[in-house]
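Report on the following structure.
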Amino acid sequence: RANRPREQLVAERCETVGAAHGFLFSPPPLPPGTHLARVLAFDGVGEQSTEISSCTIVQPLRGPTILPGDLGRGIAGFVGACSSELIGGWACDLGADTHVMVELRFGNEFGTNQRRFFVADQVREPLVAERCETAGSDHGFLIVPPLMPPGGYQAKIYAYDGEGSNPVLLRDCTVYFDED
């Protein structure tokens with residue numbers, strides 16, 4: 001309900017006597033990754049809606065606190081597939097079994113830019129565990145790029161260490177979308 005007190009300017013813009021038109025809410029618990037959020041306003045009877053805002057919520061990895069001994073020695077990774085249908089590979093923080101965040105930065109010279117975050121937690125071939133120096137090989141990711149208008153787009157894939165910082169560029173490639 002939008003009934004929290006706000007500054008008088010809100011009353012003027014809404015052409016009302018009172019300024020109790022504010023709202024405050026927290027999003028529900030979300031899994032790690034990128035999520036689109038939209039804020040809708042409904043009329044007095046709840047039938048007509050208007051989108052008043054939208055944004056992207058990035059939910060980082062959650063879990064037990066990472067102790068200094070749980071951190072790795074830096075990012076290792078590989079991106080083998082980079083196309084309009086699929087971007088796939090693996091990423092890890094060397095020597096640490098924790099999963100890392102992977103970021104896809106997608107854009108072109110005309111200002112069409114998107115950033116999405118994913119968790120590298122899918123099981124891959126045993127060789128990945130060997131290269132990551134970890135017990136498991138669950139460091140893979142498969143990303144379906146967002147649908148884009150026809151043209152070429154630069155895709156940059158970054159991986160973040162176990163603390164969620166120090167991004168490392170894994171691959172920079174061009175992805176082409178055809179007219180369908």
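Just so you know, all these numbers are worked out from the coordinates, no wet-lab data involved. Keep in mind that what you see is a predicted model, and the values were worked out from it rather than measured. Here the Cβ is made from the backbone with ideal geometry for all residues, glycine too, and neighbour counts use every protein chain on show.
Some points to look at:
- Unit Cα scatterers, Debye sum, the range 109-180: log10 I(q)/I(0) for q = 0.19, 0.22 Å⁻¹: -0.92, -1.08
- Mean projected area (nm²) of the alpha-carbon convex hull when the range 118-160 is viewed from all directions: 4.0 nm²
- The ratio of the alpha-carbon radius of gyration of the range 86-137 to the globular-protein estimate 2.2 N^0.38 Å is 1.40.
- Theoretical gain in end-to-end length, Asp172 to Asn108 [0.36 nm per residue, Cα-Cα removed]: 21.8 nm
- Taking 0.36 nm per residue of sequence separation and removing the Cα-Cα distance, the Leu142/Arg4 pair yields an extension gain of 45.4 nm.
- Working ranking of peptides 92-100, 2-10 by packing, defined as the average number of other Cβ atoms within 10 Å per residue, highest first, is 92-100, 2-10.
- Distance in nm between pseudo-label sites at Phe23 and Leu86 (7 Å out along the Cβ direction from Cα): 4.0 nm
- Charge tally in the Cβ shell below 12 Å around Ser137, where Lys, Arg are +1 and Asp, Glu are -1, Ser137 excluded: -4
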